[in-house]
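First the structure, in the form of structure tokens, and then the observations on it.
The values are calculated or read from the model by the stated rules, or taken from the named source; none is laboratory data. All figures in this text were calculated on a predicted structure; none of them were measured in a lab. Quick reminder, even Gly has a Cβ in these numbers, built from the backbone with ideal geometry, and neighbours come from all protein chains shown.
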There are 2 protein chains.
Amino acid sequence: MLTQSEENYLKAIFHIQQEVEGGISTSRLAEKLETKAASVTEMIKRLADKKLVDYQKYYGVQLTDMGRKHALLIVRKHRLWEFFLVERLNFNWDEVHEVAEQLEHIKSPKLVEELDIFLGRPEYDPHGDPIPDANGNLPKSPKKRLSQLKTGDHAICKGFNDNSSSFLKFLDKQEIGLDTQIEVIHIESFDESMTVLIDKREVPLSKTASDNIYVEHITVEV
Amino acid sequence: MLTQSEENYLKAIFHIQQEVEGGISTSRLAEKLETKAASVTEMIKRLADKKLVDYQKYYGVQLTDMGRKHALLIVRKHRLWEFFLVERLNFNWDEVHEVAEQLEHIKSPKLVEELDIFLGRPEYDPHGDPIPDANGNLPKSPKKRLSQLKTGDHAICKGFNDNSSSFLKFLDKQEIGLDTQIEVIHIESFDESMTVLIDKREVPLSKTASDNIYVEHITVEV
DNA sequence: ATATATAATTAGGTTTGCCTAAAAATATAA
DNA sequence: TTATATTTTTAGGCAAACCTAATTATATAT
Ligand SMILES: [Mn+2]
Ligand SMILES: [Mn+2]
Ligand SMILES: [Mn+2]
Ligand SMILES: [Mn+2]
């Protein structure tokens, strides 16, 4: 049985591995977990003893198959709970993360399975992130960053790189949500900022913003 | 902010105080929490420092108003979650306690309030135990033990003194549940065992069993 | 290739929450 | 009332997770 802290480390390693290849540095993990490098080294050793990570002193850490399995279960629980909070308990999508950080550590296989059934086996959480199934399989969708599109392109919003409360509140304000239709009508070459058309509204987006929006690029029949 | 362990101590003290008056002994608490007396002494001191309990060395411990308020919130959360698990997630009433022991420690006032609303503000948990409201008020029902009734008495089952899985499974087998109608048809003076009529079925109950069943005594118009 | 900067590890502490064994206080019995 | 038994507290340790400061290894720049 893993401690809450061990679970948080595994999840953090998993998330960083989604972004970058190879071993993960102590400092990167410390940053993600908002802790100090010394604490990370210590914990990594414990996880290595338990065969949950492969660890080579000074050369970073990687999940083993077991470690990955554990991490995926935590991610599954996190996202199922977020879905529950938004769809059943009237939480806004920017207020669920902290509570899900707690709920993801509840240990009960039956609870996870019954919750999944109760919610109708959702495939995506409120932020568009895929929910691993009971076997740890992730439905993968081909996502592009909005910033990669060209003028005239059409797309549908499918998720976000940044799930912070401030970014989600910004999206609420611009009325951008999951499955929102977006058309790129102008890209400013000076700063790569973008003007997009959403539901007949012209919305200006900085490069930072468009970088953090994942879309599915669609071809529109004229 | 209280730790999980501190919350468990407060809840245990609260539950023991429901049964017996006056200060609660270190050994009684140790037994309830399945820990050692030395650990209890230590924790009690911490709780006393935080003004959550009144503590007199060698003479036991009692909740302060603050301590009682905290304990009632934990009990509220525990029972709301049990209700959720049984009514929405298809748990049987004998499998909810352990999971609720974990869920009761989730910290989010909004979660508690929204869960309460979502469930329709239930007044009793699946075992018939009252759910404190947001202000810590308990709806109190005048409960008797089934063992206190006389031959010929009619009653409705309203709760149990023992919520252990084995007792609840026994009740399932005898088809005794909340709001079940019970008529006492015989009491054996030798061992105080009882025969009751439930839905036209004669059910034998030991003194131990009838002691653990709470009922509302009703008068039946003939 | 060597010096310097950066990153990671080790050493040594702290707090929480548990333990066993010894000592002290209280309760009970002769 | 005094002796004995029981209960409670204290003393001293341990493991998990965190920390700061010092040391060591690796990476970078001259
Ligand atoms: Mn989240
Ligand atoms: Mn977490
Ligand atoms: Mn319970
Ligand atoms: Mn608990």
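Regarding the range B:133-154, can at least one residue be identified that is more than 28 Å from B:Leu72 (Cα to Cα) and in contact with a Leu (Cβ under 8 Å, 6 or more places away or on another chain)?
Among the residues of the range B:133-154, not one is more than 28 Å from B:Leu72 (Cα to Cα) and in contact with a Leu (Cβ under 8 Å, 6 or more places away or on another chain), which makes the answer no.
For B:Leu47, state whether it is aliphatic (A, V, I, L, M) and within 11 Å of chain A (Cβ to nearest Cβ).
no
Taking A:Gln18 as the residue in question, decide whether it is away from DNA strand D (no atom under 13 Å from the Cβ), among the polar types (S, T, N, Q) and within 30 Å of B:Lys110 (Cβ to Cβ).
In short, yes.
Restricting the search to the range B:95-137, which residues are more than 13 Å from the chain's Cα centre (by Cα) and more than 11 Å from chain A (Cβ to nearest Cβ)?
Residues satisfying the conditions are B:Gly120, B:Arg121, B:Pro122, B:Glu123, B:Asp133, B:Ala134, B:Asn135, B:Gly136, B:Asn137.
Which of the residues that make up the range A:1-50 are basic (Lys, Arg), more than 16 Å from ligand 1 (Cβ to nearest atom) and out of contact with any Asp or Glu (no Cβ under 9 Å at 6 or more places or on another chain)?
A:Arg28, A:Lys36, A:Lys45, listed by residue number.
Run down B:Glu19, B:Glu31, B:Glu42, B:Glu6 and say which single residue is among the charged types (D, E, K, R) and either within 14 Å of chain A (Cβ to nearest Cβ) or within 12 Å of ligand 4 (Cβ to nearest atom) (or both).
Only one candidate passes the filter, namely B:Glu6.
Restricting to the range A:55-90, name every residue that is surrounded by fewer than 17 Cβ atoms within 10 Å (Cβ to Cβ), basic (Lys, Arg) and within 14 Å of chain B (Cβ to nearest Cβ).
The one that is surrounded by fewer than 17 Cβ atoms within 10 Å (Cβ to Cβ), basic (Lys, Arg) and within 14 Å of chain B (Cβ to nearest Cβ): A:Arg88.
With the range B:165-208 as the region, which strands (runs of 3 or more DSSP E) entirely inside it contain at least 1 residues that are out of contact with any Asp or Glu (no Cβ under 9 Å at 6 or more places or on another chain)?
B:181-187, B:201-205
The rows are residues; the columns are (1) within 16 Å of ligand 2 (Cβ to nearest atom); (2) surrounded by 13 or more Cβ atoms within 10 Å (Cβ to Cβ); (3) more than 23 Å from A:Glu7 (Cβ to Cβ); (4) in the same structural domain as A:Gly159 (by TED's automatic domain parsing).
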| position | (1), (2), (3), (4) |
| --- | --- |
| A:Glu101 | yes, yes, no, no |
| A:Glu104 | yes, yes, no, no |
| A:Lys107 | yes, yes, no, no |
| A:Lys110 | no, yes, no, no |
| A:Leu115 | no, yes, no, no |
| A:Gly120 | no, no, yes, no |
| A:Pro126 | no, yes, no, no |
| A:Asp129 | yes, yes, no, no |
| A:Asp133 | no, yes, no, no |
